[in-house]
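Working notes for the structure below.
The values are calculated or read from the model by the stated rules, or taken from the named source; none is laboratory data. Bear in mind the structure is a predicted one, so any value in this text is a computation, not a measurement. We place every Cβ from the backbone using ideal geometry, glycine too, and count neighbours over all the protein chains shown. Please note that ligands, DNA and RNA were not included when accessible areas were found on the heavy atoms of the full protein model with its side chains. Shrake-Rupley method; radii C 1.70, N 1.55, O 1.52, S 1.80 Å.
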Amino acid sequence: MTTPYSFDAYPPPRCSEALLRETLARRRQRCIAVVLALSGVLLQLAGILLGILLWPDLPILAITLLLYPLLAAAGGGAIAVVYAQKEVRI
């Protein structure tokens, strides 16, 4: 039985323990960043829902709770643009 791949045609890629640990650390940092971003979005959503619920009783607090996520999203977008221009890798 012949194999469809020729493993002797090319040298194997260089791989060391330090490279593997660095790759694992980068993946872990990305996972943590995603979890933090999702938790921030959920917290903003909770604030919006609380603002909607408080609208009849406390309209000033409700307006504050409804405007805060807009300001936070604008700030986050500005930070994302700056990091995208600098090409910072997470």
The Cα extents of the chain along the principal axes, largest first and rounded to whole Å, are 77, 36, 22
Taking a crude spin-label model, label points 7 Å out from Cα along the C-beta direction, the ARG26 to SER39 distance in nm is 2.5
Note, the stretch 7-15: 3J(HN,Hα) by Karplus (6.51, -1.76, 1.60, θ = phi - 60°), whole Hz, Gly/Pro = x, goes 7, 8, 6, 10, x, x, x, 6, 9
Over the chain, with neighbouring protein chains present, the accessible area per residue in Å² at probe 1.4 Å is 93
